[in-house]
Structure formats: C-alpha cells, structure tokens
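What follows is one structure encoded as structure tokens, with my remarks underneath.
The values are calculated or read from the model by the stated rules, or taken from the named source; none is laboratory data. Note that the coordinates shown come from a computational prediction; the quantities given were computed from them, not determined experimentally. For neighbour counting, all protein chains shown are included, and Cβ atoms are generated from backbone atoms with ideal geometry for every residue, glycine included. These accessible areas exclude ligands, DNA and RNA; they are computed on the full protein's heavy atoms, side chains included. Shrake-Rupley method; radii C 1.70, N 1.55, O 1.52, S 1.80 Å.
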Amino acid sequence: MQGRSVPGATIRIQRDPFDVPAETARVTAGRADIGGIVAFTGLCRDEGGRLRALELEHYPGMAEDEIGRVAQTALARWPLLGLTAIHRFGMIAPGEDIVLVIAASAHRRAAFEAADFMMDYLKTRAPFWKREHLIDGTTGAWVESKAEDDAAAARW
Amino acid sequence: MTKLVYFAWVRERVGKPDETIDLPDSVTTVAALLDWQKTRGEVYAHAFEHASVIRVALDKTHAGHDAALGDAREIAFFPPMTGG
C-alpha cells in the first residue's frame, strides 16, 4: 500500500480491496460537524459476460502525486470536511471495486460536487491504464480513453 | 543520463519498462524527444508512430508536447489514461 500526504485528504493506491464502511467511518470519526457525505465506488463490469478480469497498470509515485494534486484542487474549491480517494491496481474481477472517492462537507452540494469532480479528474489525469482479460482466455486490448471523459472533466 | 519509462501499449511496443540513456543535446523539448524516439530503429518507429496521442510526464508531472525538458531526470511515455 502506498499513500501520499495531502493535509485534509486520504489518498491510497493499493492492490487489495477496500472497505467502504470502514473508510466512511474514518472520515466521520470523532466529529459532528459533517452534514453530508458522498461515497462513490467504481466497479469492474463483466461487459456482458465476456470479461474475466481487468488488469490495471499504474505509474507508481505519479499516481499518488496526481491524485494528490486533484485532491488539493478539490479542497481549495469546496468547503470539505473530509476527502478520500483510493484506487486499486492489479487484476480485478467483475463485481469487484476499483476506485473509491469519499467527500464530506457541512452541506450536501459541496460533497456531491467534489466527489463528481474528483472522479472526472481522476479518470483523465491519474496515470492508470486498463486492459481486458477475456473469459475465453485471451488478453484483450488496452481500453481506449473516451472523449466523453474529457468532456466530463472540462465541465469543471 | 535520463531515465525513460514506458507504460501500457507504449511499454509493450518498446519492449521494455524503462531504460537509462544519454539524450542528444539538440533534444530540448517533449516534441523533439518524441521525434527523436522515432529515429531509434523499427521498434521505436512503431511505438512512436502516433506520437500525437502519446502523453508525457516529466519527473512524474504531466507535460504538454511543447514543454521544455529542462533538467528532468525521469521522462515517462504512456497512452491517454483509462483509470477510475
């Protein structure tokens, strides 16, 4: 497990699964000023039953740095009381979690917006690449980036 | 000496995850480096054929193709990101 130190945020890149309730509890522990918490979990789809696993390659060091930069932007832009981003790498089976973003604030709007922003920016800036491994035993193609993801990030 | 690192299909096409190399003095920008990579033989010519889509990071920070290399120690080449 690798982490990066951004004051006010928890950022981790890890091979192992994460525990959403435990991560949420970590954000709210010992405080009563949070009025809303948004937790987004991105999962591995089975792509209509054809996918055996997704392989996630990442750039160690830069992945933490880049998510940290996105987190700093979110912290500067919204009045957040907690922010967590966890991204897995390695082989991930359909149904498993890939990514978690938690944003907490006094009011819901900031939490919703910050979580949405984090995901849009993380998808287009964090150095991760997906490759499909198919149920028939073959290794599929590297997943191509989507123009709609760039468009989503450009909204902010 | 500069460490060049490769990810995803760029890594597969180059055939290695990284290499340490002396860059020519004439190569001072990301664009010039991408052009130079193409001249390093068939494998590199293929890997960098579509250089316009390849992203570059200087010392683990995203850099545009017009950026100066400066004194970057580690230069990474990779396709557009597909995480999340």
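Observations on the structure shown:
- The residue list A:44, A:14, A:29 was ranked by how far each Cα lies along the charge dipole of the stretch A:1-73 toward its positive end, using unit charges on Cβ atoms, and A:29 comes out on top.
- The phi-based Karplus calculation (6.51 cos²θ - 1.76 cosθ + 1.60; θ = phi - 60°) puts the 3J(HN,Hα) values of the stretch B:18-29 at 6, 7, 10, 8, 8, 7, x, 4, 6, 8, 10, 10 Hz, whole numbers, x for Gly and Pro.
- With DNA, RNA and ligands ignored, accessible area of residue B:20 (1.4 Å probe; Å², nearest 10): 90
- Positive contributions from Lys and Arg (+1) and negative ones from Asp and Glu (-1), summed over other residues with Cβ under 11 Å from the Cβ of residue B:50, come out at +1.
- Cross-link pairs A:130/B:38; A:130/B:60; A:130/B:3; A:130/B:16 - those with Cα-Cα distance over 22 Å: A:130/B:38; A:130/B:3
- With the charge dipole of chain B set up from +1 on Lys and Arg Cβ and -1 on Asp and Glu Cβ about the Cα centre, the Cα lying farthest toward the positive end among the listed residues B:27, B:70, B:10 is that of B:10.
- Projected-area average for the stretch A:1-143 over all orientations - Cα convex hull basis, square nanometres: 8.5
- Panel note: the C-alpha atoms of the stretch A:40-107, placed on their principal axes, show extents of 42, 29, 12 Å (largest first).
- The H on the amide N of residue B:60, modeled in the peptide plane, is under 5 Å from the matching H of B:76, each at least 5 residues off or on a different chain.
- A convex hull fitted to the Cα coordinates of the stretch A:24-70 yields 150 cubic angstrom per residue.
- Net +/- balance of residues flanking residue A:124 in space, Cβ distance below 15 Å, scoring K and R +1, D and E -1: 0
- Accessible area, probe 1.4 Å, largest first, for residues A:19, B:66, A:65: B:66, A:19, A:65
- The GluC sites (Glu not before Pro) of the stretch A:52-156 that meet both conditions, a loop assignment by DSSP and at most 16 other Cβ atoms within 10 Å of the site Cβ, are A:96, A:144.
- Low-density loop cleavage sites - trypsin sites (Lys or Arg not before Pro) in the stretch B:14-81, where at most 16 other Cβ are within 10 Å (DSSP): B:40, B:73
- Value of Rg to Rh for the protein assembly as shown (Rh from inverse mean 1/r over Cα pairs, i.e. Kirkwood): 1.01
- Ordered by solvent-accessible area of protein heavy atoms (1.4 Å probe), largest first, the residues A:16, A:97 come out as A:16, A:97.
- Summed side-chain charge close to residue B:17 - residues other than residue B:17 whose Cβ falls under 13 Å, Lys, Arg +1, Asp, Glu -1: -1
- Number of partner chain Cβ atoms within 10 Å, mean per residue of A:123-130: 6
- Radius of gyration, Dmax [the stretch B:2-78; alpha carbons; angstrom]: 11.0, 29
- With all protein chains modelled, accessible area of residue B:71 [1.4 Å, Å²]: 130
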